[in-house]
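Visitor: Provided herewith is a single structure, encoded as structure tokens, for subsequent inquiry.
The values are calculated or read from the model by the stated rules, or taken from the named source; none is laboratory data. What you are looking at is a predicted structure, and each value in this text was computed from that prediction instead of being measured. Positions of Cβ are backbone-derived with ideal geometry, glycine not excepted, and every protein chain shown enters the neighbour counts. When the accessible area is computed, the model is the full protein with side chains, heavy atoms only, and any ligands, DNA or RNA have been set aside. Shrake-Rupley method; radii C 1.70, N 1.55, O 1.52, S 1.80 Å.
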Amino acid sequence: MRRDIFQAVADPTRRAIIALIALQAMTPNAIAEHFDTTRQAISKHLKVLTECELVKQEHQGREIYYQLEIDKMKEIDKWLEQFRKIWETRFAQLDNLLSTLKKTHK
């Protein structure tokens, strides 16, 4: 079942997992050590992240390492870009207004 990437990032634990494995590939046990939850719960989160294709598994010997799929993160960034532009415009307008007010009160 393919899930939507926004389902994955909606959960704070999954966002924390993404942040962890953005730095380096990790095994499920290594990931679970960073959370006050069961290894089973972490496995479920990893399953969702894998189904959303935000993480991929890499087998190294008997271990499975999870690593971030940067291209999928770019999808999220692309969606956020539209809002970033809106806010940058609004901040620029606010900056102009404050500059104008500052000049008139001198």
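Visitor: Hey, does the range 6-27 have a residue that's of a type in the set (F, W, Y) and either open to solvent by less than 70 Å² (accessible area, probe 1.4 Å) or at pLDDT 95 or above (or both)? Spell out how you get there, then give the answer.
Guide: Step one: list which residues in the range 6-27 are of a type in the set (F, W, Y), which gives 6.
If we keep only those that are either open to solvent by less than 70 Å² (accessible area, probe 1.4 Å) or at pLDDT 95 or above (or both) as well, we get none.
There is no residue in the range 6-27 that is of a type in the set (F, W, Y) and either open to solvent by less than 70 Å² (accessible area, probe 1.4 Å) or at pLDDT 95 or above (or both).
Visitor: Still on this structure: What are the residues in the range 48-74 that are open to solvent by 50 Å² or more (accessible area, probe 1.4 Å), assigned to a helix (DSSP H, G or I) and either over 18 Å from P12 (Cβ atoms) or touching a Gly at 6+ places or on another chain (Cβ under 8 Å) (or both), if any?
Guide: I70, D71, K74
Visitor: Another one. Assuming F83 fulfils every condition listed in (1) of a type outside the set (S, T, N, Q); (2) open to solvent by 80 Å² or more (accessible area, probe 1.4 Å); (3) modelled with pLDDT of 95 or more apart from one, which condition is it?
Guide: Among (1) of a type outside the set (S, T, N, Q); (2) open to solvent by 80 Å² or more (accessible area, probe 1.4 Å); (3) modelled with pLDDT of 95 or more, the lone unmet condition for F83 is (3).
Visitor: Those residues that are assigned to a helix (DSSP H, G or I), more than 14 Å from Q67 (Cα to Cα) and under 15 Å from the mean Cα position of the chain (by Cα), I need them from the range 1-47; list them, please.
Guide: Correct list: I5, F6, Q7, A8, V9, P12, T13.
Visitor: Just to be sure I understand the filter: pairs with C-beta atoms under 8 Å, separated by 6 or more residues or on different chains, first member in the range 71-86 and free of Cβ contacts under 8 Å to residues at least 12 places away in the same chain and within 16 Å of D4 (Cβ to Cβ), second member not basic (K, R) and not in a helix (DSSP H, G or I). Which pairs pass?
Guide: Cβ pairs passing all conditions: none.
Visitor: Report the residue count in the range 6-28 for those that are touching a Cys at 6+ places or on another chain (Cβ under 7 Å) and not polar (S, T, N, Q). Explain how you work it out, then say what you get.
Guide: Of all residues in the range 6-28, those touching a Cys at 6+ places or on another chain (Cβ under 7 Å) come to 7-8.
Add one more test, that the residue is not polar (S, T, N, Q), and what stays is 8.
Residues in the range 6-28 being touching a Cys at 6+ places or on another chain (Cβ under 7 Å) and not polar (S, T, N, Q): 1 in total.
Visitor: To continue, here is another question. Which one of these does K78 not meet: (1) under 23 Å from A19 (Cα atoms); (2) surrounded by 10 or more Cβ atoms within 10 Å (Cβ to Cβ)?
Guide: Going through the list (1) under 23 Å from A19 (Cα atoms); (2) surrounded by 10 or more Cβ atoms within 10 Å (Cβ to Cβ), K78 breaks only (2).
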